[in-house]
Structure formats: C-alpha cells, structure tokens
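*Asks:* This is the structure I have questions about; it appears just below.
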Amino acid sequence: INRYQISINKENIDFGVISYGFCYTEDITIMNTSEIPLRYHLRVPSDSTEEFRMVPATACILPHGKQKVSVEITSRTVTKYEEKLAIDIECVGESLLTVPLLAQCQAPKVITETTLLDYGKCYRRHPYSQYVKIKNESRIPAIYELVQQDDLSQGLAVWHAKPMSGQLSALGETTIEVQLRTERLGGVNLPLFIRAKGSEDKPLEVTVAAHSRGPLLSFNTGDAPIPVVERSASQLRQ
C-alpha cells in the first residue's frame, strides 16, 4: 500500500485556544481510496497521559469508503501542544499517515470581590449562611473548587459550601453559599480558599469571621427582670 490509498480531509487538526480540564472536539474524515477494505487504528504516540481520544479509534473502511472520526482533547497541562495523530493500517503498517495536532491550553483567571464573610453574632452550633460571588475574567471557561477546610480549624468552626466545585462560562459568574457553624465561644477567624484548576496563581482567600455566643439567660424576680446575661460554657460549669 502507498500513502495515497488513505487520506484525511484536513492538513492539520487545530483546536486553537483551549481551557484546562475541558473537552474539545474536532471532526475529521478518513477516506479509503484503495480497492480493498482497510481496518485502521488511530493513536497519538506521545500521549502518555491519555489527553487525546478518538471516536471511533478503530474501524473498517470499505473500498472507496469514508469514516467520520471525532478527535477529542482534554488538557491536564497548561502548555502548547504540537503532537501528531498517527494512522496504522492492520496487516499493512504503522504510521502510514500522520496529521499534526495543535492546541494552546491556557488557565482562566478567576476573581472575587468578597474578601470577608462576616457572620456577626452566632449562636454556637447553629448554622448561618453568607454568600461569595466569583467571576471568570477570561474568554475561556473555568473550573473552580473550594479547598477543603483543615482539621485543626474545625475545632473553632465548621463551614460547608454549596457547591464545593463547579464550572464558570467564559466571562461568567456564580454565587456560592457558605454555611457556618461555630464550635467554640468567642471570636472566630478562618481562611477559605478558592482556586481555578490549572492556574498557577495563589488561591483566592476569603476570611470567615464570627462572634460565637452561648445561650442568653434572664431571670424575673417579679418586680423587674434582671438584665440579660450571656454566660460562657466555662462559667456555667462553675
């Protein structure tokens, strides 16, 4: 067989600018110009991390037939791709035809205008909610996630975010609910970190602040109520 018995309708497969963690697809058509059926297999020889996927990667093309193939890339590296798609023909040979694969993966820039979540006075072990708005300043989509709270800070207060991760469209924004439950009495200051996947920038930091209080006790002697007194757990045990 010579290289003119199979052909592809594109000189290269260029995905352009892509975003970290998202799947992008380009379609090609493989043509069998020979007089016999050919079974092909597609591969990217240098793709050790399986960022490229071809559907169908293997098929039989009848004489003078065609096969449409979807070539997908899901980048897990912020880099410039200059790879090759190789076509092997069963019982004939490997890499009988190669096509350049091109892409430029970038990390989106995610920001927040919220640097402080102030819950004010909170009753111990009762849930309270505040909200953080994050924005994608890039023209490519973003995947964001909140960094899990460390075990040490959970002794002071525990926060839960809804959702903990998600996607932002290009130039899009979203709001995250952060629910706080204090565990100790007194002032609370905790960091909350949000990061965009693939970005080498430091995670966004939001301070979670609250004043945790115990039960409010009051007594009535019949003449006039005694002013409300807030007692700490240690004082109540005395």
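*Asks:* Given a 1.4 Å probe and the protein chains all in place, what does the accessible area of residue 193 round to, in Å² to the nearest 10?
*Replies:* Roll a 1.4 Å probe over it and residue 193 shows about 70 Å².
*Asks:* Tell me, what is the percent relative contact order of the chain, built from C-alpha pairs under 8 Å that lie six or more residues apart?
*Replies:* 17
*Asks:* How many nm separate the modelled label positions at residue 64 and residue 170, each set 7 Å beyond the Cα in the direction of the Cβ?
*Replies:* 4.2
*Asks:* Then there's this: Run the 1.4 Å probe and let me know the accessible area of residue 58, rounded to the nearest 10 Å².
*Replies:* 70
*Asks:* Among 61, 194, 143, which one shows the biggest mean-square fluctuation in a GNM of the chain, springs joining Cα atoms closer than 10 Å?
*Replies:* Its mean-square fluctuation being the largest, the pick is 61.
*Asks:* Treat segment 81-140 as a sphere of radius equal to its Kirkwood radius over Cα pairs and apply Stokes-Einstein at 25 °C in a medium of 0.890 mPa s; give the translational diffusion coefficient in µm²/s, rounded to a whole number.
*Replies:* Answer, rounded: 141 µm²/s.
*Asks:* Which net charge results when you count Lys and Arg as +1 and Asp and Glu as -1 among the other residues whose beta-carbon is under 14 Å from that of residue 190?
*Replies:* Result for the local shell: -3.
*Asks:* Further question on the same structure: At 7 Å along the Cα-to-beta-carbon direction for both residue 179 and residue 135, put a label point, then send me their distance in nm to one decimal.
*Replies:* 2.9
*Asks:* Moving on. Across the chain, how many lysine pairs, 8 or more apart or on two chains, come within less than 19 Å at their alpha-carbon atoms?
*Replies:* 17
*Asks:* Okay, moving on. What is the extension gain from residue 91 to residue 113, computed as 0.36 nm multiplied by their sequence separation minus the C-alpha to C-alpha distance, in nm to one decimal?
*Replies:* Extra length available between residue 91 and residue 113 comes to 1.8 nm.
*Asks:* Would you mind giving the average projected area, over all directions, of the Cα convex hull of segment 14-59 in nm² with one decimal?
*Replies:* Answer in nm², one decimal: 4.3.
*Asks:* Also, I was wondering about something else. Amide H of residue 85 versus every other amide H placed in the peptide plane: which residues, excluding those fewer than 5 positions away on the same chain, fall under 5 Å?
*Replies:* Result for residue 85 returns 99, 101.
*Asks:* Quantify, in whole percent, the carbon and sulfur part of the accessible surface of segment 3-125 (1.4 Å probe; protein heavy atoms only).
*Replies:* On segment 3-125, the fraction of accessible area on carbon and sulfur atoms equals 48 percent.
*Asks:* Next question. Work out how far the C-alpha atoms of segment 11-143 reach from end to end along every principal axis, then list the three figures in whole Å, largest first.
*Replies:* Principal extents (largest minus smallest coordinate, Cα): 81, 28, 23 Å.
*Asks:* While we're here: Among 92, 158, 206, which one moves the most in a GNM of the chain with springs linking Cα atoms closer than 10 Å?
*Replies:* Result: 92 has the largest fluctuation of those listed.
*Asks:* Which residues among segment 174-189 fall inside the zone where the amide N is under 11 Å from a point 7 Å beyond the Cα of residue 162, along Cα→Cβ?
*Replies:* It comes to 177-179, nothing else.
*Asks:* Using the Kirkwood radius over C-alpha pairs as Rh, can you work out the diffusion coefficient of segment 106-153 via Stokes-Einstein at 37 °C, viscosity 0.692 mPa s, in µm² per second?
*Replies:* The estimated diffusion coefficient comes to 238 µm²/s.
*Asks:* Something else now. Quick one: net charge around residue 138, please, counting Lys, Arg +1 and Asp, Glu -1 for every other residue with C-beta under 13 Å from its C-beta.
*Replies:* +1
*Asks:* So, one more: Lys and Arg at +1, Asp and Glu at -1: add these up for the other residues within a Cβ distance under 14 Å of residue 203 and post the number.
*Replies:* Every neighbour counted, the sum reads -1.
*Asks:* Follow-up. Which value in Å does the Kirkwood hydrodynamic radius of segment 117-196 take, with 1/r averaged over all unlike C-alpha pairs and then inverted?
*Replies:* The Cα-based Kirkwood calculation yields 13.7 Å.
*Asks:* Write down the accessible area per residue of the chain in Å², having rolled a 1.4 Å probe over the full set of protein chains.
*Replies:* Solvent-accessible surface per residue comes out at 58 Å².
*Asks:* What number, in percent, do you get for the relative contact order of segment 105-174 if the mean sequence gap of Cα pairs under 8 Å and at least 6 apart is divided by its residue count?
*Replies:* Across segment 105-174, relative contact order equals 37 percent.
*Asks:* For the chain, restrict the atom set to alpha-carbon positions and state the Rg and Dmax in Å.
*Replies:* Spelled out, the Cα radius of gyration and Dmax of the chain are 29.5, 109 Å.
*Asks:* Right, another one. Just by accessible area at a 1.4 angstrom probe, what is the order of 54, 164 from largest to smallest?
*Replies:* 164, 54
*Asks:* I'd like the Karplus ³J(HN,Hα) series for segment 7-18: coefficients 6.51, -1.76, 1.60, θ = phi - 60°, whole numbers in Hz, and an x wherever there's a Gly or Pro.
*Replies:* Listing the rounded values in order: 8, 10, 7, 10, 6, 8, 10, 10, 7, x, 7, 10 Hz.
The values are calculated or read from the model by the stated rules, or taken from the named source; none is laboratory data. Keep in mind the model is a prediction, meaning the values are calculated, not measured. A quick note on method: Cβ atoms are made from the backbone with ideal geometry, for glycine too, and the neighbour counts reach across all protein chains shown. For accessibility, only protein heavy atoms count, side chains too; no ligands or nucleic acids. Shrake-Rupley method; radii C 1.70, N 1.55, O 1.52, S 1.80 Å.
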